[in-house]
Amino acid sequence: MKKEQLLDLYYQMVLIRRVEERGAELYQAGKIGGFMHLYIGQEAVSTGLIAAREPRDRVITAYRDHGVALNCGIPANEVMAELLGKATGMSKGKGGSMHMASVEKNMWGGHAIVGGHLPVAAGFAIGDQYAKNDNVTICMFGDGATNIGYFHEALNLSKTWGLRVLWVCENNVYGMGTSVERASAVTDIRQKAEGYGMKNADANGMDVMAVYEAAQEALAYVRKEGQPYFLEVDTYRFRGHSMGDPERYRKQDEVKKWQENDPIGIFRKYLLDKKTASAKALDEIEDNVEEEVNKAVEFAETSPEPALEDLYADIYAD
Amino acid sequence: MAKITMREAISQALMEEMDRDPAVFIMGEEVGVWGGTYAVTKGFYDKYGPDRIKDTPIAENAIIGGAIGAAMVGQRPIAELMTINFAFSAMDYIVNQAAKLRYMFGGQFTLPLVIRAVGGGGRQLGATHSQTPDAIFAHFPGLKVVSPGTPEDAKGLLKSAIRSNDPILFIEHATMYQVRGEVPDGEYTIPIGKSKIQREGGDLTIVTYCKGLELSMKAAEQLSKEGIEAEIVDLRTLRPLDMEPVLESFKKTNRAIVVEEGWKSYGVGSEIVSRIYEEAFDYVDAPIIRVAQKEVPLPYNRTLEQAALPQVADIVAAAKEVLR
Ligand SMILES: Cc1ncc(C[n+]2csc(CCOP(=O)(O)OP(=O)(O)O)c2C)c(N)n1
Ligand SMILES: [Mg+2]
């Protein structure tokens with residue numbers, strides 16, 4: 001990977017982190033409502049993954065979607081504005097934290113029904129198969145989502161019909177307060193894909209380069225073979241499930257241990273060790289992000305609320 | 001009489017029935033270690049252990065289907081849906097199985113099953129997580145649907161539901177867990193399928209339930225200051241529907257509005273209004289008005305969401321309209 005590209009990955013990961021840290025503050029201040037699920041700790045997953053896609057490859061994910069939105073190129077301004085429910089958000093303030101999408105950026109949402117978007121992802125691939133192109137759909141979901149029927153129906157269909165889907169399970173050890181071992185018959189989740197005869201692999205989700213390489217290989221396979229692929233990525237969310245999670249289900253020691261493997265810290269060290277960039281250059285990137293996020297907050301706060309008559313907009317296309 | 005919250009009332013009902021009958025157990029997402037996402041089952045896991053407080057995977061079909069099966073073979077499961085929006089993920093089990101298995105097999109099967117589910121909007125959770133789809137479930141013969149509006153009713157009705165031998169959907173409201181109210185001391189139950197006059201008045205009848213009750217009580221207070229006395233009939237159970245108190249009140253006031261949080265079209269209000277027209281047409285002095293949710297999926301933005309939800313002011317205005 002070229003130097004600029006590597007630094008761009010660093011920029012993206014720091015951007016996600018800062019946008020969410022500011023988001024958390026704004027939530028505490030009552031400016032953001034509803035459910036907000038932070039991606040902090042998992043930045044390397046979507047950053048590495050989406051860096052490996054071609055722009056024509058579609059991305060769809062669950063409600064933990066701010067990072068994915070930013071990686072896909074949705075401006076921080078729009079992400080922040082959507083969090084604040086403003087008309088300038090990409091979903092015009094109607095979706096909020098859990099429902100970020102941009103067709104233009106080939107980012108098909110943010111979906112809040114666990115597992116619900118998996119058959120839809122298969123459907124994107126049906127559409128692309130029907131159109132006879134070789135676009136790949138990248139579908140991200142949590143470990144918890146692999147226990148619901150939707151997951152199994154979608155995986156089975158994708159293999160049976162030879163659909164170009166890259167299934168990406170972000171195994172962050174918990175679905176809300178329930179650990180993988182308490183909820184899933186197998187703790188190596190990719191064994192489920194094995195059951196459907198699907199090619200699969202796992203990757204260290206705290207290492208953006210590892211995710212990137214695994215994703216490249218997987219995408220090449222899917223595109224060439226016209227078959228789905230299952231990638232399990234091991235990661236951890238540093239914050240609660242959503243804002244206001246009492247976190248009774250895990251020990252602070254465990255959280256601390258994972259936090260020592262901060263994906264941004266790991267990548268920073270990688271860049272310094274490889275002499276890709278100086279500490280000063282990386283600090284500069286962080287300063288730039290800081291400024292970008294400040295501007296995004298200002299943009300969001302000064303943006304207009306949706307108009308009252310927009311309540312009835314976009315219910316139907318016709 | 002003690003004054004407790006809706007959360008405490010529901011929690012007490014669950015605990016009392018679990019203590020009373022070892023066949024009662026709870027299964028659902030985050031009911032155990034987490035303590036319930038709305039903290040209703042906080043402390044239950046430590047008290048009863050994992051056999052009776054079962055944390056399930058995210059698998060709504062297995063939760064409802066599993067509870068149906070366990071009920072059929074003699075246990076008394078309480079299945080919890082984290083929110084009623086996820087009932088759609090388990091719709092086949094609720095509609096095609098829970099509501100029909102007994103009838104279809106000539107009464108051989110008994111399903112002593114309670115499905116607890118939290119519904120309602122107003123928390124900026126967006127379109128899929130804010131619904132009040134109660135009317136849909138009340139559509140199906142074979143299922144009973146209960147949705148209380150006070151702590152007293154919640155406790156008494158839930159206890160009856162747990163003791164009942166039929167599948168019952170028990171719908172709570174996400175914004176009402178802190179609502180306080182008097183509950184009788186000691187053991188009591190409230191029969192399922194009985195509407196109740198929650199406030200007496202002679203000028204008009206407000207028919208409502210659950211969140212609508214909270215809003216209607218506030219509206220009635222405002223109306224009272226202007227010399228208008230509303231009588232409020234709380235349905236409490238949507239199926240089987242008890243029209244007696246509604247009709248009795250209506251025959252006295254001759255004017256009514258129906259207040260519900262769900263969408264107006266094909267809603268609870270549609271049913272109530274039709275029944276009044278069918279059964280008390282001669283007493284109608286003014287067209288009956290429905291106050292309900294605007295016909296849009298609920299948006300995230302707070303102002304828009306509140307604009308879509310029925311408000312106290314809407315009820316007051318509707319009351320004045322039927323009295324015009
Ligand atoms: C069908 C359905 N059931 C339950 C929920 C409530 N819920 C939201 S997120 C979640 C946990 C999901 O865990 P996982 O898939 O591991 O994703 P993570 O939050 O860890 O990213 C649950 C139970 C839901 N949104 N949809
Ligand atoms: Mg998870």
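The values are calculated or read from the model by the stated rules, or taken from the named source; none is laboratory data. As the structure is a prediction and not an experimental result, all values here were calculated from the model. Using ideal geometry, Cβ is built from the backbone for each residue, glycine included, and neighbour counts are taken over all protein chains shown.
A few points about this structure:
- Within region A:78-131, being closer than 19 Å to A:Leu311 by Cα and of a type in the set (Asp, Glu) holds for one residue alone: A:Glu82.
- Counted residues, region A:44-57 - those being of a type outside the set (Gly, Ala, Ser) and surrounded by fewer than 24 Cβ atoms within 10 Å (Cβ to Cβ): 5
- Every condition in (1) more than 16 Å from ligand 1 (Cβ to nearest atom); (2) in contact (Cβ under 8 Å) with a residue 60 or more places away in the chain holds for A:Val233 except the one numbered (1).
- Test for A:Arg223: is it away from ligand 2 (no atom under 15 Å from the Cβ) and either out of contact with any helix residue (DSSP H, G or I) (no Cβ under 8 Å at 6 or more places or on another chain) or β-branched (Val, Ile, Thr) (or both): yes
- For region A:22-48, a residue qualifies if it is in contact with a strand residue (DSSP E or B) (Cβ under 8 Å, 6 or more places away or on another chain) and closer than 20 Å to A:Glu247 by Cα, and exactly one does: A:Gln42.
- The lone exception for A:Gln5 - which of (1) over 25 Å from A:Lys280 (Cα atoms); (2) over 14 Å from the mean Cα position of the chain (by Cα); (3) of a type in the set (S, T, N, Q) it fails: (1)
- Residue in region A:270-286 that is among the acidic types (Asp, Glu), at positive phi and either within 16 Å of ligand 2 (Cβ to nearest atom) or in contact with a helix residue (DSSP H, G or I) (Cβ under 8 Å, 6 or more places away or on another chain) (or both) present: no
- Pairs, first over 25 Å from B:Arg52 (Cα atoms) and touching a residue at least 40 places away in the same chain (Cβ under 8 Å) in region B:80-107, second of a type in the set (Asp, Glu) and surrounded by fewer than 23 Cβ atoms within 10 Å (Cβ to Cβ), C-beta under 8 Å, six or more apart: B:Arg102/B:Asp166
- Yes/no for A:Val211 being more than 19 Å from the chain's Cα centre (by Cα) and either in a helix (DSSP H, G or I) or within 14 Å of chain B (Cβ to nearest Cβ) (or both): no
- When A:Val293, A:Val255 are checked against the criterion of being without any contact (Cβ under 8 Å) to a residue 40 or more places away in the chain, over 30 Å from A:Asn156 (Cβ atoms) and surrounded by 13 or more Cβ atoms within 10 Å (Cβ to Cβ), A:Val255 stands alone in meeting it.
- For A:Ile148, the conditions (1) under 17 Å from the mean Cα position of the chain (by Cα); (2) over 24 Å from A:Ile40 (Cβ atoms); (3) within 16 Å of ligand 1 (Cβ to nearest atom) are fulfilled apart from (1).
- Elements of type helices (runs of 4 or more DSSP H) in region B:12-109, at least 3 residues being more than 14 Å from chain A (Cβ to nearest Cβ): B:60-72, B:101-104
- Members of region A:134-161 that are more than 16 Å from ligand 2 (Cβ to nearest atom) and touching a residue at least 60 places away in the same chain (Cβ under 8 Å): A:Asp134, A:Asn135, A:Val136, A:Thr137, A:Ile138, A:Leu155, A:Ser158, A:Lys159
- Of residues in region B:281-324 being within 14 Å of another protein chain (Cβ to nearest Cβ) and basic (Lys, Arg), the one farthest from B:Leu125 (Cα to Cα): B:Lys294
- B:Pro133 closer than 26 Å to A:His117 by Cα and modelled with pLDDT of 95 or more: yes
- Complete set of residues in region A:148-184 that are within 10 Å of another protein chain (Cβ to nearest Cβ) and at positive phi: A:Met176
- All conditions in (1) within 14 Å of another protein chain (Cβ to nearest Cβ); (2) free of Cβ contacts under 8 Å to residues at least 40 places away in the same chain hold for B:Glu278, with the sole exception of (1).
- Hits in region A:165-188 - residues which are β-branched (Val, Ile, Thr) and either surrounded by fewer than 21 Cβ atoms within 10 Å (Cβ to Cβ) or more than 12 Å from ligand 2 (Cβ to nearest atom) (or both): A:Val165, A:Val168, A:Val173, A:Val186, A:Thr187
- So A:Phe141, is it at pLDDT 95 or above, within 16 Å of ligand 1 (Cβ to nearest atom) and either over 18 Å from A:Leu49 (Cα atoms) or of a type outside the set (Val, Ile, Thr) (or both): yes
- Single condition A:Asp287 does not satisfy, out of (1) closer than 24 Å to A:Gly23 by Cβ; (2) part of a loop (DSSP other than H, G, I, E, B): (2)
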